[in-house]
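Okay, structure first, notes after.
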Amino acid sequence: MELVRVNKVKALHDFVVYVWFSDGSEREIDIGKYLHGPVFERVRTDPKLFSSVKVTAGRTIGWGDDLDIDPDTLFYDLVPAWMEKHELELSR
């Protein structure tokens with residue numbers, strides 16, 4: 001089975017991007033929940049930087065060489081680790 005990767009991405013508005021995947025599917029994705037923590041602070045606070053999103057060498061979406069979001073996370077709409085941890089803490 002071939003892994004699904006990103007072929008193309010376009011920033012739309014706020015934290016929404018339109019993504020074309022290698023399996024032929026495409027959709028709008030609100031990536032705001034993935035832009036958590038200090039590493040993504042500039043992307044969250046600088047609309048021009050957010051709009052510069054591109055397909056990376058690893059065929060996911062990102063900003064520069066060291067800031068990206070895993071393509072499986074995007075394709076399967078996975079819950080970010082920080083949300084899982086937060087929900088676990090709330091349930092205690």
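What follows draws every value from the coordinates through simple rules; no lab data is involved. Predicted model, so just to flag it, every value in this text is computed and none were measured. Positions of Cβ are generated from backbone atoms using ideal geometry, with glycine treated the same way; all protein chains shown enter the neighbour counts.
Taken one residue at a time, the phi angles of the stretch 32-48 give Karplus couplings (6.51, -1.76, 1.60, θ = phi - 60°) of x, 5, 8, 8, 9, x, x, 5, 9, 4, 5, 5, 5, 9, 10, x, 5 Hz. Gly and Pro are set to x. Taking every alpha-carbon pair under 8 Å whose residues sit at least 6 apart, the chain reaches a relative contact order of 24 percent. Across the options Val79, Val39, His13, the greatest Cα extent toward the positive end of the charge dipole of the stretch 6-90 (unit charges at beta carbon of Lys, Arg, Asp, Glu) belongs to His13.
Helical runs assigned H by DSSP (4 residues or longer) give the chain a calculated mean residue ellipticity at 222 nm of -6500 deg cm²/dmol, each run adding -39500 (n - 2.57) before division by the residue total.
By counting other Cβ atoms within 10 Å of each Cβ, how are His13, His36 ranked from fewest to most?
Final ranking by Cβ density, sparse to dense: His13, His36.
Label positions at Glu28 and Val16, each projected 7 Å from the Cα along the C-beta direction, are separated by 0.3 nm. Rounded to the nearest 20 debye, the dipole size of the stretch 6-90 about its Cα centre is 380 debye, using +1 on the Cβ of Lys and Arg and -1 on the Cβ of Asp and Glu. As a calculated quantity, the FRET efficiency between Asp77 and Lys54 at R0 = 22 Å, using C-beta atoms, amounts to about 0.55. Extension gain for the segment His36 to Asn7, taken as residue separation times 0.36 nm less the Cα-Cα distance, is 8.0 nm to one decimal.
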